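Here is the structure we will look at.
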Amino acid sequence: MHLLEPRAEPSRTLQWAAPPLAILLMLLAGSVLFLLLGRDPLEAFRVFFIQPLESGYGWSELLLKAGPLILIAEGLAIGFRARIYNIGAEGQLIFGAVCAGGVAIYAQGHEGSWTLPLMVLAGGLGGMFWGAIPALLKTRFNAEETLTTLMLTYVANFLLSWLVHIPWRDPQGMNFPQSVMFSDAELFTPLFEGSRVNTSIFMAVVAVLVFWLLVKRSFLAFRLEVGGQAPTAARYAGFSAQATVWVSLCVSGLTAGLAGVGEVAGPIGQLNLNLSPGYGYAAIIVAYLGRLHPLGIVLSGLLMALLYLGGEAAQMSLQLPAAITGLFQGMLLFFLLGADAFIENRFRFLRRAA
Amino acid sequence: MALFLPRSASLSLLRMFATTALLGGLALSARAEDPLKAGFIYIGPTGDHGWTYAHDQGRKAAEAKFAGKVSTSFIENVPETADSERVIRDLAQKGTKVIFATSFGYMNQMEKVAKAYPNTVFMHATGYKTSKNMGTYDVRTYEGAYLLGVVAGKMSKTGKLGVVASIPIPEVIRNIDAFTIGARSVNPNITTRAIWVNSWFDPGKEREAALAMIAQGCDVLMQNTDSPAVVQAALEKGVMAFGWDSDMSKFGGKAHLAASVLNWSVIYETVLGDVLANKWKTTSYWWGVKEGAVNIEDFGPATPPEVKKLAEERRDAIKAGKLHPFSGPLKDQSGKELVAAGKTLDDGFLHGMNVYVEGVEGAIPK
């Protein structure tokens, strides 16, 4: 017996109101949480959401974290709109980073202005390749992409681990699993002195513009959606469900791979075992919170980045536990999915037969 | 292409940010009467009852010793990703004068921040990069592992020992080796195997690995991870185990044979004392039993007095400089000689240790 039944026509206004509503509910639930922890909620929110942005450095760090999240989420949204669920952006990020890192390591000693562009190319293609494998498995063997993309993340992780333990280990690194540090020609240029946010942020900017144009203006986006949601109908109209799978997974792999390049050629500056703080997974929340819309994703990416920074600030200033960031992220997604459920469905009041 | 914009263009875009950042960067200089601020960055939670717990005990002891002169703060669960750089920088920015980072993966991030804050002292645990204002410190944990090995060798009935290992870096390989050497010094037939969980703190995985080795017949376990999960699993399955970094007897009960306890306070007190006296200079501390930084303690009821006595004799021999766990003749896993009789492996080799000694089964994960 279902308690919810689908509404004939979910309200579009409400669909857009859901994320702000979810944020509001998150803040309310957060207040309760802070009160239970014996803190003044207003002070806690000030530390959580305002303090990280009180300095220019804070803003630069916000962009540093939001950049990869937005970039990956834009690519994922293309697939999610077509109901192709790439859960393995984390692995595509890692494989992209590995490809770019390989270029950087072998170029050392004769690097030049060509090195960074080649790293970007290698990383993008690498991520795309890692996304293409599940596409092949799906179109050829009908293997569920939610499983294959996720499992390939583990493969990418082990590959990275092997590379930094053996062939690409820094010979001067006391046998620790890490590569050499990249040289300046192999790193993105900081946007200003002393900041870590760098020119790789423009990859996210370009992605937003491209996907915005794609969604607004092109027939391709429509075809992708139909191809994913109604394969038979699509076939009648001459679109291919197979092409939808390929495009979705390759594009999201591409953006994840580029995000990987941004990390290794940005704040990390080498290959090691701690490439990503889970950007590939967090970007899934970012994509849905942004309503799979190119501009909505920008906002949700910034919010998500702020949650990370706020969690750190809350720990440092208020000595709140580190788990608070995960709690806020989880509450946000929970309330959003909850709101969506009620927008798309309505309660059915059960009547007992007399 | 936008990605490779000339720097000047992007500069003007963010000049506003740059100005505010610069203003923020002028850290307030501490007044003379203010206590010295020391900050600690932890990889796990202070309640892990292992590695981070031991560091936190050291922090508290140092603060108590310099009451009024030093105030400390800590941040726990800091991932070893690029994010740690922001955390270290924030501490420095807030006028923290001495910053301790307690895991290897913070090394490069700390090095970068150290360059930007030349008047702050940075101390990195278990790494190898130093600079004018960045030193390193570590404990010779292998001495503790060796002493636990002596107890394990005496206690094991199956002759099979198991180690739940974290990440294959030299420190952990060295500890597996030392544990094995200690055990074989009292029972030459002992063999050791390791399962790698690729994490420092993951009680679920640590437990799984422990259960797997118990199923393979290992009856004494050691762990180079940070939680008491292995000791708990040992108690549950009726085998034996040790506290690592901290006393874990309250988790291990009768399964808890002894613990290799780290005492970071000796290092923290020395460093903070030097900074207070204005005589700190770049140092790489690698302290062991001799300096009181590691010891075998908290023997459990299952450990017979003669085994306890033997372990304490060995400890005293290490303390007196008469015994070195890595002395020859010592062979590697393949039977090749690592060091000849009468000699010992030097610190340089030990720092980069990447071979298993004779008696360890399996291969180092690649």
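Values for this structure:
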{"quantity": "The range B:312-364, residues that are within 14 Å of chain A (Cβ to nearest Cβ) and touching a helix residue (DSSP H, G or I) at 6+ places or on another chain (Cβ under 7 Å)", "calculated": "B:LEU350, B:HIS351, B:GLY352, B:MET353, B:ASN354, B:TYR356, B:ILE364"}
{"quantity": "Helices (runs of 4 or more DSSP H) contained in the range B:90-185 and holding at least 1 residues within 11 Å of chain A (Cβ to nearest Cβ) and more than 22 Å from the chain's Cα centre (by Cα)", "calculated": "B:107-116"}
{"quantity": "Top-ranked residue of the range A:75-97 - restricted to ones that are β-branched (Val, Ile, Thr) and in a loop (DSSP other than H, G, I, E, B), ranked as modelled with the lowest pLDDT", "calculated": "A:ILE84"}
{"quantity": "Residue match in the range A:190-206 (condition: surrounded by fewer than 18 Cβ atoms within 10 Å (Cβ to Cβ), more than 11 Å from chain B (Cβ to nearest Cβ) and not basic (Lys, Arg))", "calculated": "no"}
{"quantity": "Test: residue in the range B:84-94 that is more than 26 Å from B:TRP280 (Cα to Cα) and surrounded by 19 or more Cβ atoms within 10 Å (Cβ to Cβ)", "calculated": "no"}
{"quantity": "Residues of the range A:260-283 satisfying the condition of being facing another protein chain (nearest Cβ under 10 Å), touching a residue at least 40 places away in the same chain (Cβ under 8 Å) and part of a loop (DSSP other than H, G, I, E, B)", "calculated": "A:GLY269, A:GLN270, A:LEU273, A:LEU275, A:SER276, A:GLY278"}
{"quantity": "The range A:162-189 - residue that is among the small types (Gly, Ala, Ser) and in a loop (DSSP other than H, G, I, E, B) and, of those, farthest from the other protein chains (Cβ to nearest Cβ)", "calculated": "A:SER183"}
{"quantity": "The range A:312-344, residues that are in a helix (DSSP H, G or I) and within 14 Å of chain B (Cβ to nearest Cβ)", "calculated": "A:GLU312, A:ALA313, A:ALA314, A:GLN315, A:MET316, A:SER317, A:LEU318, A:ILE324, A:THR325, A:GLY326, A:LEU327"}
{"quantity": "Boolean, B:GLU291 is charged (D, E, K, R) and either touching a residue at least 60 places away in the same chain (Cβ under 8 Å) or not in a helix (DSSP H, G or I) (or both)", "calculated": "yes"}
{"quantity": "Residues satisfying the stated conditions in the range B:41-88, i.e. at the interface with chain A (Cβ under 8 Å from one of its Cβ atoms), among the charged types (D, E, K, R) and part of a helix (DSSP H, G or I)", "calculated": "B:ASP83, B:GLU85, B:ARG86"}
{"quantity": "Qualifying positions in the range A:110-150 - in a loop (DSSP other than H, G, I, E, B) and within 17 Å of A:GLY253 (Cα to Cα)", "calculated": "A:GLU144"}
{"quantity": "Per-region count, the range A:58-84, residues under 16 Å from A:TYR279 (Cβ atoms) and surrounded by 24 or more Cβ atoms within 10 Å (Cβ to Cβ)", "calculated": "15"}
{"quantity": "Options B:ALA152, B:ALA54; residue that is in the same structural domain as B:GLY182 (by TED's automatic domain parsing), of a type in the set (Gly, Ala, Ser), surrounded by 20 or more Cβ atoms within 10 Å (Cβ to Cβ) and out of contact with any Gly (no Cβ under 7 Å at 6 or more places or on another chain)", "calculated": "B:ALA152"}
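The values are calculated or read from the model by the stated rules, or taken from the named source; none is laboratory data. Since the structure is predicted, the reported quantities are computational estimates derived from the model, not experimental observations. Quick reminder, even Gly has a Cβ in these numbers, built from the backbone with ideal geometry, and neighbours come from all protein chains shown.
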